[in-house]
Amino acid sequence: MQGRPKLDRDARREAILDVAEDVFVSEGFAAASMSEIAARLGGSKGTLYNYFKSKEELFEAYVLRRCILNMDGIYALPGGGEGVAETLTRIGRAYLRRVLSDENLRHFRLIIAEAERYPEIGKAFYEAGPGRGSERLADEIRAWVKAGLLEVDDPQMAAFHFTGLCQNRYMKARLCNYVPELSDAEIEAEVAAAVKTFLRAYGPRG
């Protein structure tokens with residue numbers, strides 16, 4: 001009989017992160033242990049330490065992977081022929097569906113809870129998540145400015161303005177679990193208002 005196929009190093013690392021994510025979300029960072037993660041994975045704690053030197057390093061890797069997943073989902077490459085409004089609408093929809101989802105908010109609450117005790121984790125999350133996302137949108141805005149489609153002095157600030165317009169009304173309500181996940185109609189309404197306001201502020205004068 002053939003034995004179980006061995007995972008290559010990258011696949012094994014991803015498997016560890018899959019299990020670690022489940023443990024961190026269900027139990028919280030403080031209660032989670034490397035022993036439990038190793039047990040769920042079906043290996044030894046020593047094997048786990050071959051990939052991650054500490055629980056903090058493993059947690060940071062989990063945080064960074066979540067950020068990459070969100071970035072790829074929100075800022076996917078556009079289809080051909082999109083204008084400014086169409087691109088902003090596509091990004092805004094994806095942003096709200098991901099950022100304000102039940103799943104994402106569970107991760108976000110966990111990360112924020114640990115950021116006070118481990119500022120380096122909060123820093124890593126911000127740089128890989130909101131910071132990098134604003135840079136990607138700012139690059140789009142710079143291209144629109146160069147093409148004469150927008151008038152923007154600070155593309156980075158304008159990028160934050162747009163995401164702020166999208167999430168402002170519901171972010172705190174969702175974080176407090178005051179309202180459920182947004183419906184498609186609610187997302188459409190928020191994004192349409194955000195795009196309209198953004199273009200009024202930054203559209204070409206005259």
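The values are calculated or read from the model by the stated rules, or taken from the named source; none is laboratory data. Being a predicted model, the structure only gives us computed values, none of them experimental. Neighbour counts are summed over all protein chains in view; Cβ atoms, including those assigned to glycine, are modelled from backbone coordinates with ideal geometry. When the accessible area is computed, the model is the full protein with side chains, heavy atoms only, and any ligands, DNA or RNA have been set aside. Shrake-Rupley method; radii C 1.70, N 1.55, O 1.52, S 1.80 Å.
Between N177 and E127, the modelled label-to-label distance comes to 3.3 nm, taking each label 7 Å out from Cα in the direction of the beta carbon.
Note on K172: aspartates and glutamates with a C-alpha under 14 Å away, same-chain residues under 8 apart excluded, are D102, E181. Fully extended, how many nm does the chain gain between Y49 and R12 (0.36 nm per residue separation, minus their Cα-Cα distance)? Between Y49 and R12, full extension yields an extra 12.1 nm. With helices as the sole contributors, the chain gives -22000 deg cm²/dmol at 222 nm; each DSSP H run of n ≥ 4 counts as -39500 (n - 2.57), and the sum is divided by every residue. Between (1) 54; (2) 48; (3) 45, which matches percent of Cα pairs over 23 Å apart calculated for the structure shown? Given (1) 54; (2) 48; (3) 45, the calculated one carries the label (1). Here the average projected area of the convex hull drawn through the C-alpha atoms of the stretch 25-138 stands at 8.5 nm².
Take the Cβ-Cβ distance between A192 and D102 as r, set R0 to 22 Å, and report the resulting FRET efficiency rounded to the nearest 0.05.
Working: r = 23 Å, r/R0 = 1.06.
Efficiency for this residue pair is about 0.40.
Using 0.36 nm per residue and subtracting the Cα-Cα separation, the extra length available between D72 and D184 on full extension is 38.3 nm.
Taking 7 Å steps out from each Cα toward its Cβ at E36 and R200 produces label points 5.0 nm apart.
Solvent-accessible surface (1.4 Å probe) assigned to S183 amounts to roughly 50 Å². The modelled label-to-label distance for the pair E56/D139, using points 7 Å beyond Cα in the direction of Cβ, is 3.2 nm.
Angle of helix 132-146 to the longest C-alpha principal axis of the chain, folded into 0 to 90 degrees and rounded to 10: 30°.
For a protection proxy built on the mean count of beta-carbon atoms within 10 angstrom, sort 12-24, 47-59 highest first, please.
Working: 12-24: 18.2, 47-59: 15.9.
So the order, starting with the most tightly packed, is 12-24, 47-59.
3J(HN,Hα) along the stretch 44-55: 8, 5, x, 4, 4, 6, 5, 9, 9, 6, 7, 5 Hz, from the Karplus curve 6.51 cos²θ - 1.76 cosθ + 1.60 with θ = phi - 60°, whole Hz, x for Gly and Pro.
Taking only C-alpha pairs under 8 Å that are 6+ residues apart, what is the relative contact order of the stretch 56-202 in percent? Mind dumping the intermediate values first?
On the way: 112 pairs, mean separation 44.8, N = 147.
In percent, rounded to a whole number, it is 30.
For the chain, take the longest principal axis of its alpha carbons; what is the angle in degrees between that and the long axis of helix 155-167, to the nearest 10 within 0 to 90? That helix lies at roughly 80 degrees to the long axis. The phi torsions of the stretch 123-131, fed into the Karplus equation with coefficients 6.51, -1.76 and 1.60 and a -60° offset, translate into couplings of 5, 4, 4, 5, 5, 7, x, x, x Hz, rounded to whole numbers, with Gly and Pro shown as x.
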